[in-house]
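The values are calculated or read from the model by the stated rules, or taken from the named source; none is laboratory data. Only a predicted model underlies this, so the values are computations on that prediction, with no experimental measurement involved. Heads up, the Cβs are rebuilt from the backbone with ideal geometry, glycines too, and the neighbour counts pull from every protein chain shown.
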Amino acid sequence: MAKINTDFLLRLANNQISKEEILTGYMRYYVAQGRNLGDMKHDYMRISSNVKYINLDGITLSNLMIERALTKTRQILDKYLIFNFNCQTTDEIEI
């Protein structure tokens, strides 16, 4: 089973994380584990349907917030990939 940091995902969805942290977290929790943006979306779906996380103080997780977090991650990842490797993510990854 893949390891994921729920705090990373919640802070990302609530726009409380820097671009550098987004890239580092994505590399740690997804790329290093052979996972992708589609897996990140599934992790968000699991969190949003889990009562343990829904009722935390001050934490909200709407579909719009999830889509924004995924889009922001993809934009940052593409910028990094284009700059360093002259490539980017493909539309084959469903987000």
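Odds and ends about this structure:
- Taken over the range 43-64, the criterion of being closer than 21 Å to Leu23 by Cα and either exposed (fewer than 14 other Cβ atoms within 10 Å of the Cβ) or modelled with pLDDT under 80 (or both) is satisfied by Met45, Leu64.
- Checking each residue in the range 1-53 for being of a type in the set (Ser, Thr, Tyr) and within 19 Å of Ile76 (Cα to Cα) picks out Ser18, Thr24, Tyr26, Tyr29, Tyr30, Tyr44.
- The range 32-42, subset under 13 Å from the mean Cα position of the chain (by Cα) and hydrophobic (A, V, I, L, M, F, W, C), residue surrounded by the fewest Cβ atoms within 10 Å (Cβ to Cβ): Leu37
- Cβ pairs under 8 Å, 6+ apart, first in the range 17-45 and over 22 Å from Ser62 (Cβ atoms) and in a helix (DSSP H, G or I), second among the charged types (D, E, K, R) and modelled with pLDDT under 90: Gln33/Lys3
- Filter pass, Arg68 being modelled with pLDDT of 85 or more and surrounded by 14 or more Cβ atoms within 10 Å (Cβ to Cβ): yes
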